[in-house]
1. With a 1.4 Å probe and all protein chains left in place, how much of the accessible area of the chain comes from carbon and sulfur atoms, in whole percent?
2. At 25 °C and 0.890 mPa s, what whole-number value in µm²/s does Stokes-Einstein give for the translational diffusion of the chain, with Rh from the Kirkwood sum over Cα pairs?
3. Just GLY136, GLY169, GLY322 to compare: in a GNM of the chain, with alpha carbon springs under 10 Å, which one fluctuates most?
4. Translational diffusion coefficient, Stokes-Einstein: compute it for region 75-150 using the Kirkwood radius over C-alpha pairs as Rh, at 37 °C and 0.692 mPa s, and state it as an integer in µm² s⁻¹.
5. For region 188-333, max minus min Cα coordinate along each principal axis, in Å, sorted largest first?
6. Based on the mean of other beta carbon atoms within 10 Å per residue, what is the order of 180-191, 246-257, 113-124, most packed first?
7. For region 11-176, compute Rg over Rh where Rg is the Cα radius of gyration and Rh is the Kirkwood radius from the inverse mean 1/r over Cα pairs.
8. Sorted by packing (mean other beta-carbon atoms within 10 Å per residue), highest first, where do 280-288, 13-21 land?
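The values are calculated or read from the model by the stated rules, or taken from the named source; none is laboratory data. These numbers were taken from a predicted model, which means no experiment stands behind them. Methodologically, a virtual Cβ is constructed for each residue, glycine included, from the backbone with ideal geometry; neighbour enumeration extends over all protein chains shown. Just so you know, the surface numbers come from the protein's heavy atoms only, side chains and all, with ligands and any DNA or RNA stripped out. Shrake-Rupley method; radii C 1.70, N 1.55, O 1.52, S 1.80 Å.
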Amino acid sequence: MSIPRTGRVRAAVLAGLGAWLPPRAVSNDELAGRIDTSDTWIRTRTGIRTRHVVDPGMPTSRLAVEAGSRALESAGVSEVDVVVLATATPDRRCPATAPVVAHRLGLTGRPAFDVSAVCSGFLYGLAVGAGLIESGAAESVLVIGADAFSTIVDPQERATAVVFGDGAGAVVLRAGEPAEAGALGQVVLGSDGSLADLITIRAGGSEHPTVEQMPSRADSYFAMRGQETFALAVARMAEASREALANAGWEANHVDRLVCHQANLRILQATSRRIGISQERLVVHLDQAGNTAAASIPLALSHALSSGELHPGERVLLTAFGGGAAWGATTLTWPQMKH
Ligand code: ACO
C-alpha cells in the first residue's frame with residue numbers, strides 16, 4: 001500500500017543521521033561458551049560475527065537518546081517539532097518511551113510517541129514523520145529506531161539468542177522540495193495480522209497478562225518461526241521494493257545502495273537477487289551488530305557513510321520485514337550531510 005502523492009509540493013527531506021551501539025560487544029565465541037552453538041554455525045547461517053548488548057539497567061531510551069542527539073548534531077539543529085520512536089522494546093509497557101527520550105534531548109513539551117512495527121518500525125516511523133511534514137503539521141521530525149532485544153530474548157534459546165543485538169539509529173527529517181536530494185519517496189507499507197504468531201512474545205500483553213497463565217516459560221520470551229520468516233521476508237521485501245521503485249520511476253539497476261533490514265545475510269542476498277540488484281550494492285552491517293530490529297536500517301546507513309560505501313547523489317532503496325507481520329520500502333537520493 002502506498003498513498004498516492006501526485007503533485008505534492010512539500011516533501012520530507014533527510015537532514016541528519018546518527019547511530020549508537022552500546023559498548024559491550026559479544027562475539028560468536030563468547031555465545032558458544034554459554035549455549036550449544038558455534039562461530040561457524042552462526043557465521044555460515046546468518047553472517048553475524050558479533051553484536052552489541054546493553055548492560056543491565058541500560059534501557060532502550062538511553063540508546064535512543066544517544067542516536068537522537070547524534071542525528072540532531074548531524075542536522076545542525078537543537079530542536080525538532082515532533083519525536084517519533086520506533087521500538088518493540090519500550091522502557092515500560094506504559095507509558096510510551098518517546099516522551100522520556102524527547103525530555104532527555106531537551107525537547108520537553110513537543111509531541112512524542114512510539115510506533116510499534118517491530119523490525120519494520122523505522123520505515124513506519126519515516127512514513128509517519130513524512131506525513132506530518134507533507135501535511136504541514138510539522139516542519140521537522142526526529143525519527144528514531146531503537147531496540148534492546150537482548151532484554152526479551154531467552155539467553156538459553158540458541159535459535160534467537162545468536163541473531164539479535166541492541167542499538168539505535170535516528171534521522172532528522174525537515175520540510176523541503178520533492179525534487180531535492182534527500183527527499184523521501186513514497187513509503188510503501190503493508191501488514192498481515194494472520195501472521196501474528198510468526199514473531200511474538202505471547203505473555204505480558206492484555207491477551208495473557210502474566211506468564212503464570214501460559215503453558216511454558218518460553219511464552220515470556222521472544223519467539224520466531226525462523227524458516228517461515230525467512231521466506232516471507234524475502235518475498236515481501238522484494239514486492240515492497242518493486243512498488244517503491246515504480247513510484248520513484250527507477251529500474252532496479254538504477255539503485256546504487258540497497259539497505260535491507262539486517263536480519264540475516266542470506267535473506268539480504270536472496271532479496272537483492274529477487275529484486276534484480278547486484279550483491280555488490282548491498283549494505284551489510286549485521287556482521288558487526290546482528291539484527292538490531294527497528295535500529296538496523298539507520299545503523300546500516302551510518303555504517304555505509306562511515307566506511308565510504310555511500311556518497312551524496314547515490315540512489316538508495318530501503319526495505320524491511322518483521323513482526324506483525326509488517327513490511328515496507330522507500331527510496332531516496334542520498335543528500336550532502338555532516339556525519
Ligand atoms: N547454533 C547451532 N545450531 C542451531 C542454532 C544455533 N544458534 N540455531 C538453530 N540451530 C539448529 C536447529 O536446531 C536445527 O537443527 P536440526 O536440523 O537438528 O533440527 C538446525 O540448526 C536448522 O535450524 P533452522 O531453524 O532451520 O535454521 P535456519 O537456517 O533457518 O536459521 C535463523 C535460523 C537464523 C533464525 C533463520 O531462520 C533466519 O534468519 N530467519 C529469519 C529471521 C528474520 O528475518 N527475522 C526478521 C524479522 S525479526 C523481527 O521482526 C524481530
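1. Values: 7000 of 13860 Å².
Solvent-exposed carbon and sulfur of the chain make up 51 percent of the total.
2. Working: Rh = 19.7 Å.
After rounding, the answer is 125 µm²/s.
3. With Cα springs under 10 Å in the chain, the top fluctuation among GLY136, GLY169, GLY322 is at GLY136.
4. Numbers: Rh = 12.5 Å.
Diffusion coefficient, whole number: 263 µm²/s.
5. 54, 29, 23
6. Values: 180-191: 20.7, 246-257: 15.4, 113-124: 27.0.
Ranking the peptides 180-191, 246-257, 113-124 by packing returns 113-124, 180-191, 246-257.
7. Details: Rg = 17.0 Å, Rh = 16.4 Å.
Taking Rg over the Kirkwood Rh, I get 1.03.
8. Numbers: 280-288: 18.9, 13-21: 24.9.
Order by mean packing, descending: 13-21, 280-288.
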